[in-house]
Structures are given as C-alpha cells and as structure tokens.
Amino acid sequence: MDAASFATAAGKILTSIGTVMDGKAEASELALTVLLAQGHLLLEDVPGVGKTLLAKTLAKSIDCSVSRIQFTPDLLPSDVTGVSMFNQGTRDFEFRRGAVFANIVIGDEINRASAKTQSALLECMEEHQVTVDGTSYVLDEPFMVIATQNPIEMEGTYPLPEAQRDRFMARISMGYPDAAAELEMLQTHQSVNPLDAVRPVVTSAEVAAMISAVHTVYVSDAIKEFAVALGRASRESPRLRLGASPRSLLQLLRGAKAKAALSGRDFVLPDDVQALAEPVLAHRIIVDRKAASTGESSESILAGILRSIPVPGSEGRPAARGGTRSAGVHVRSSAPGSSGTTGSSGRA
C-alpha cells in the first residue's frame, strides 16, 4: 500500500469514528494504532463514558466480521471458544464455533466474568487460534479483541489476571467529554443514534494492507535500546512489584511503528515510544504496597522512569532513507528529525 492510500484509509476510519464519538480524537487514534499494530485493546473507565460505543464504531467502520460477548458471572469458556457436540445423524462430534471466531471481538464488561472464563481468551489473543478437544482452529486475520471493563472498585467486578492484562497491547481510560462535546452529544443523540448511520469505509483487505505497511516501518538500534532500558528500569524499580514484560516491549515497538505510519513517517522516533509508554505499559506493571500507600500510581512511576532514561538523538531515523517510499509510508520533508532533530523529546 502506498502512502496516499494508507493516509486515505486511515482518514476514512478516523472520520467515521468521529461522527459518533464527540471529543475523543485521541482515544480514536490510539484504537486505530492498536488495530494496525495487530494488538488488542482494553477500554477501562466508569460506566456511561462511551467505551462500548467506541468499540462498536471502530468495528462497524471496517467491512469485516464482528461479534460481541457480554461477559457475565455465569458465562462459560465454551461460550467464548466453542464446543464439540455429538451429531446423531453422522454419529460423530462436530465443532460449533464460539463468539471468538470473528475479525473483531467486542468483550463487554470483561471483568464481570470469572478468571476461568477470562482465561478462554488467552490462547486466541496470543496465538490467534483456539484449541478444543485437542484440535486447533486458526482464527481469521485481522483479529482483534476490544474489551471494556469498569474499574475494579465497582460492584460485581473481578481484577483481570496478570497474564490476561499482559495480552492487551494498550489500555485507554476514556474520561468525561469536555463541555462543548457533551453539549453536541445532547443535541445530536436525542432522536437518532449516530451509530446506526455508520457504514464500512474500508475493507478487511485494506486493513491487512495497512498492517503490512506498518511492518516495514524502520526502527533503529538506538530506539530498541531505549525500549529495553525502559523495560529493565521498570523491573529494577523498588517501587514496583512487577515490571514490564518482554512481550510488552515487543508490543510497544509495534505500536510505535503504527503511530509513526499514521504520522506519515517510515521510521520511529523516540516521541512515538514515549507517547505510547503509558497506555502500553501502565496496566501491566504492579505498584509496590509501600509506594501505593504514599499515593503513587503506575502512571506516575512510569513517568519518572521515562524522565530518567536518556533519549536517543537523531540516530532514531534512518539517514539514508529520508524522503523515500521504501517502507510504504512517505516521509515528509518537514517531519520531525528531517533536519537532524527529533522534535521536543528527540534531543540528544
């Protein structure tokens, strides 16, 4: 996919989401970034701020299969993955596919189900396959799980297991809209549900081509070393009981490549890694009890770690590739770093 086609497709998706989600451009772009990085998205916030609406709008903007799972305390793992049933006519067992067999799976209020049911998603999220009765079934591509959850302090919720959280590339807290966006919502959502008017604006093949373009985005050794230093610092921090996993660093760089592509670049800047560090890492790390008792959070500790790590300089971009289309995403001559700098956080 060339640069113009990539930008056009991305613009169509974001515009489609914007017709429904008032004042949520940042969350919409991050959701698209996770999709193009082949990750999974966790939307966490209080009820009524548009978590499920964002998931549905993104899903409806793409011409692909979509399924929705309402997680409840009595939901069974077989409801998610599928089950083998005996066919009286053929005298044999047949596999009945569960709701996870779709390109985009919306898991609503995922933390209202038991850990046993939540674990049904572990294999499919990591390996893009489901194994039932010793037989593995490959899931269609692209495949993405968009899960919503209320804060664990809410009634009837259960914290996600660490292994489950680690499989979500990013976590978004929606937040309340500003006054202007909330007023617009009240004016436009009264008689008509804008979600009903959303139609697919790109095909699944176009999304696959965009994902392929993201794969070719260049990441320098300096950027990789920066990510490794960030991960190791989190594991060595005395204020954290659990630091960033190797999987999280892989997903951080994949997300940074997608963010760079959406910005019109075919190389990753330190800014891309820094911008995604909180949504990609904060939900995976666990704060030490002593640090938590003083009011520190995973976000504040992560911000401190980021400030303590030297930021790579202009070596974050490929010197011989500026201005080319070799990665399928054009580098604008005015992009940060094109004159030997890397923007506000790309200083040596």
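The values are calculated or read from the model by the stated rules, or taken from the named source; none is laboratory data. Keep in mind the model is a prediction, meaning the values are calculated, not measured. All Cβ positions, even for glycine, are placed from backbone atoms using ideal geometry, and neighbour counts span all protein chains on display.
Kindly check whether there is at least one residue in region 199-215 that is among the aliphatic types (A, V, I, L, M), buried (at least 19 other Cβ atoms within 10 Å of the Cβ), under 17 Å from the mean Cα position of the chain (by Cα) and under 26 Å from Phe71 (Cβ atoms). Checked against the condition, which is being among the aliphatic types (A, V, I, L, M), buried (at least 19 other Cβ atoms within 10 Å of the Cβ), under 17 Å from the mean Cα position of the chain (by Cα) and under 26 Å from Phe71 (Cβ atoms), region 199-215 yields at least one hit. Going residue by residue through region 128-139, is there one that turns out to be assigned by TED's automatic domain parsing to the domain that holds Phe93, among the hydrophobic types (A, V, I, L, M, F, W, C) and closer than 21 Å to Leu281 by Cα? No.
Of Asp288, Asp221, Asp266, all but one fail to be crowded, with 23+ Cβ neighbours inside 10 Å, among the acidic types (Asp, Glu) and not assigned by TED's automatic domain parsing to the domain that holds Asp63; the exception is Asp266. Looking only at region 86-127, residues that are farther than 26 Å from Pro47 by Cβ and either among the polar types (S, T, N, Q) or not assigned by TED's automatic domain parsing to the domain that holds Ser67 (or both) come to 4 in all. Here is the figure for region 235-275: residues that are of a type in the set (Gly, Ala, Ser), at pLDDT 95 or above and in contact with a His (Cβ under 9 Å, 6 or more places away or on another chain) total 0.
Evaluate region 248-261: report whether one residue or more is assigned to a loop (DSSP other than H, G, I, E, B) and not assigned by TED's automatic domain parsing to the domain that holds Leu35.
First, the residues of region 248-261 that are assigned to a loop (DSSP other than H, G, I, E, B): none.
For region 248-261, residues assigned to a loop (DSSP other than H, G, I, E, B) and not assigned by TED's automatic domain parsing to the domain that holds Leu35: absent.
Number of residues in region 186-198 that are surrounded by 14 or more Cβ atoms within 10 Å (Cβ to Cβ) and at pLDDT 80 or above: the value is 3.
Being in contact (Cβ under 8 Å) with a residue 60 or more places away in the chain and within 21 Å of Arg247 (Cβ to Cβ) is the filter here; which residues of region 111-140 pass it? Met125, the sole residue that qualifies.
From the set of residues in region 240-263 that are among the charged types (D, E, K, R) and surrounded by fewer than 19 Cβ atoms within 10 Å (Cβ to Cβ), which is nearest to Ala163 (Cα to Cα)? In this case the residue turns out to be Arg247.
Looking only at region 29-65, which residues are β-branched (Val, Ile, Thr) and modelled with pLDDT of 90 or more? Those that are β-branched (Val, Ile, Thr) and modelled with pLDDT of 90 or more: Thr33, Val34, Thr57, Ile62. Restricting attention to region 77-91, the residues being of a type outside the set (A, V, I, L, M, F, W, C) and surrounded by 16 or more Cβ atoms within 10 Å (Cβ to Cβ) number 4.
Looking across region 66-112 at every residue that is touching a helix residue (DSSP H, G or I) at 6+ places or on another chain (Cβ under 7 Å) and of a type in the set (S, T, N, Q), the one that is nearest to Leu54 (Cα to Cα) is identified as Asn103.
Is there a residue being crowded, with 23+ Cβ neighbours inside 10 Å, in contact with a helix residue (DSSP H, G or I) (Cβ under 8 Å, 6 or more places away or on another chain) and under 18 Å from Ser248 (Cα atoms) anywhere in region 16-24? Quick ask: steps written out before the conclusion?
Kept after step one, since they are crowded, with 23+ Cβ neighbours inside 10 Å, are these residues of region 16-24: 17, 20-21, 24.
This time we only want the ones that are in contact with a helix residue (DSSP H, G or I) (Cβ under 8 Å, 6 or more places away or on another chain), so: 17, 20-21, 24.
Restricting the remaining residues to those that are under 18 Å from Ser248 (Cα atoms) gives none.
Checked against the condition, which is being crowded, with 23+ Cβ neighbours inside 10 Å, in contact with a helix residue (DSSP H, G or I) (Cβ under 8 Å, 6 or more places away or on another chain) and under 18 Å from Ser248 (Cα atoms), region 16-24 yields no hits at all.
Residue-level check: of (1) crowded, with 19+ Cβ neighbours inside 10 Å; (2) more than 16 Å from Met169 (Cα to Cα); (3) among the acidic types (Asp, Glu), Asp74 misses just (1). Every listed requirement among (1) under 23 Å from the mean Cα position of the chain (by Cα); (2) surrounded by fewer than 16 Cβ atoms within 10 Å (Cβ to Cβ); (3) within 21 Å of Ile69 (Cα to Cα) is met by Thr131 save one, (1).
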